[in-house]
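Have a look at the structure below, then the notes.
Any read-out appearing in this document is the output of simple, stated calculations on the displayed coordinates, not a laboratory observation. Bear in mind that the values here come from a model prediction, so they are computed numbers and not experimental data. Using ideal geometry, Cβ is built from the backbone for each residue, glycine included, and neighbour counts are taken over all protein chains shown.
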Amino acid sequence: MKNLNNLTVVIVTFKTPEKVILDCLNSIDPKVKIIIIENSNNFIHEKLILSNFHNVKIRCSGENLGYGNGNNFALKLIDTDYALILNPDVICEKNFFNNVVEVVEKAEDFTIIGCQYLNDKVFMPAGYFEKRKNNQFKEDFKNNKIDILHKVDWVTGCSMLINLKKFENKEIFDKKIFLYFEEVDLCKSISKKGENIFTSQKLKIHHLGFQSSIEDKDEQNINLDNLREWHWMWSSFYFYKKNYNYFYASYQMIGKFIKSLIKVSFYFVTFQKNKKDKYLYRFLGLYNSFLNRPSNFRKKD
């Protein structure tokens, strides 16, 4: 990539608060093309954004496609060789886009380059699938002992640079997954092919976390939490089943299955409804994944 003209930023939203999406857009170089995919049939901030950001295009998917399918939808609409996938609750560091071209040129033959968090050594932005190697990476990362551009097995999906030339088509995420593990599953398939995934210290972002679709009402927040619990468990089992086998997935998740069932019973008899619901939805997500049912649970209106 010789300049930023061959890059498109992809942002998938779902009823994202105005300040969150504006902070994200204001952190993006105005020379870079941006496409926003609103995962519903109405993007309420459209007029405001189009009047203030002339590098932005907006499309509504008409339904909540989730993270992976929302990005698939967007990638089919762009014509650049590179895409930067951003969560709407991400703010790019001020030198981010000045560094993108340099990082791409240095990485050469890459499929994905993941970004790192500003002032955060707790949440890992990347890692390895092999446990011992991953533990060593965690220690090295926290002690600043990794390379500026470091080869890894997986990166987090809130901000990652995709080399679309490496893909036969632009439906790169597994459309069966609605939420969670989409990027890890994608990285697993890339690692299996022997292609290169990097994490870069030159590409820094601030990630607010769970701010991309926040409702004002407490009841709506609870519904969102329940949806997250359901899909975290469903996608966990599905990832292990797809990339290893059903028995390995069962071995990995049976403890969480039993724990959820016990906690549902305990919180039910102690009249702690919110905690009971949390583990109920964990149990139901995992139960449906055990039975090979699709990830079709959605937030109640």
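Tabulated data
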| item | result |
| --- | --- |
| Debye log10 I(q)/I(0) for the stretch 238-301, one point scatterer per Cα, at q = 0.23 Å⁻¹ | -0.95 |
| Relative contact order, percent, the chain [alpha-carbon distance under 8 Å, six or more residues apart] | 19 percent |
| Table column - 3J(HN,Hα) (Hz), the stretch 227-240, Karplus curve with 6.51, -1.76, 1.60, x for Gly and Pro | 4, 5, 4, 4, 6, 4, 6, 4, 5, 4, 5, 4, 4, 5 |
| Count of Lys pairs (Cα-Cα under 24 Å; at least 8 positions apart or interchain) in the stretch 218-290 | 17 |
| Total charge dipole magnitude, the stretch 4-207, about the Cα centre, Cβ charges on Lys, Arg, Asp, Glu only, Debye to nearest 20 | 220 debye |
| Helix 182-192 axis, angle to the chain major axis (alpha carbon atoms, nearest 10°) | 70 degrees |
| Percentage relative contact order, the stretch 1-140, counting C-alpha pairs under 8 Å, at least six apart | 29 percent |
| The chain: Cα Rg divided by the 2.2 N^0.38 Å rule of thumb | 1.02 |
